[in-house]
Amino acid sequence: MQLSISARHGQLTESTHEKIQNRVEKLVRFFDRVTSIVVTVDLEHSQSPEVEVCVSVELAEDLVAANNGSNVLAALDSATRKMEQQLRKHKEKLTGHRSTGVRELQLPDDEEE
């Protein structure tokens, strides 16, 4: 998995960069077919920085979540929560939990009671 963290209109401190990396790497727990994660922090408005998380997964379009917050880490928390929901929904669609259950399957004629 590739991870890219960048900042617009400013620079991130090393500790903030590490915190972002640690939190974003946890997204792989929700869906294991993640190929790359791109995090962009926009520091144009210092009172409410914007964080955008773009996740590329196999055989699907990119998933994007963005949010503003009072600081970078608050915006990151909100954006990662949104991304977790998107990854869960995408995984649910792929696994198809609405398929026919074992109880509804027809038994062959010789095994019926």
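The table that follows gives values for the structure above.
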{"read-out": "Given (1) more than 30 Å from T95 (Cα to Cα); (2) at pLDDT 95 or above; (3) not polar (S, T, N, Q), number of the condition L12 does not satisfy", "value": "(2)"}
{"read-out": "The stretch 64-76 - residue that is outside any strand (DSSP E or B) and without any contact (Cβ under 8 Å) to a residue 24 or more places away in the chain and, of those, nearest to the chain's Cα centre (by Cα)", "value": "A74"}
{"read-out": "Any chance V55 is surrounded by 18 or more Cβ atoms within 10 Å (Cβ to Cβ) and either part of a helix (DSSP H, G or I) or charged (D, E, K, R) (or both)", "value": "no"}
{"read-out": "V72 vs. criteria buried (at least 16 other Cβ atoms within 10 Å of the Cβ) and aliphatic (A, V, I, L, M)", "value": "yes"}
{"read-out": "Selection from the stretch 44-61 of residues that are at pLDDT 95 or above and among the acidic types (D, E)", "value": "E50, E52"}
{"read-out": "Residues within the stretch 28-43 that are charged (D, E, K, R), surrounded by 15 or more Cβ atoms within 10 Å (Cβ to Cβ) and modelled with pLDDT under 95, tallied", "value": "1"}
{"read-out": "The listed residue being under 20 Å from M1 (Cα atoms), in a loop (DSSP other than H, G, I, E, B) and of a type in the set (D, E, K, R), out of E84, E61", "value": "E61"}
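The values are calculated or read from the model by the stated rules, or taken from the named source; none is laboratory data. On a predicted model such as this, the values are computed, not experimentally measured, just so you know. Because the Cβ atoms are built from the backbone with ideal geometry, glycine has one as well, and the counts that use them run over all protein chains shown.
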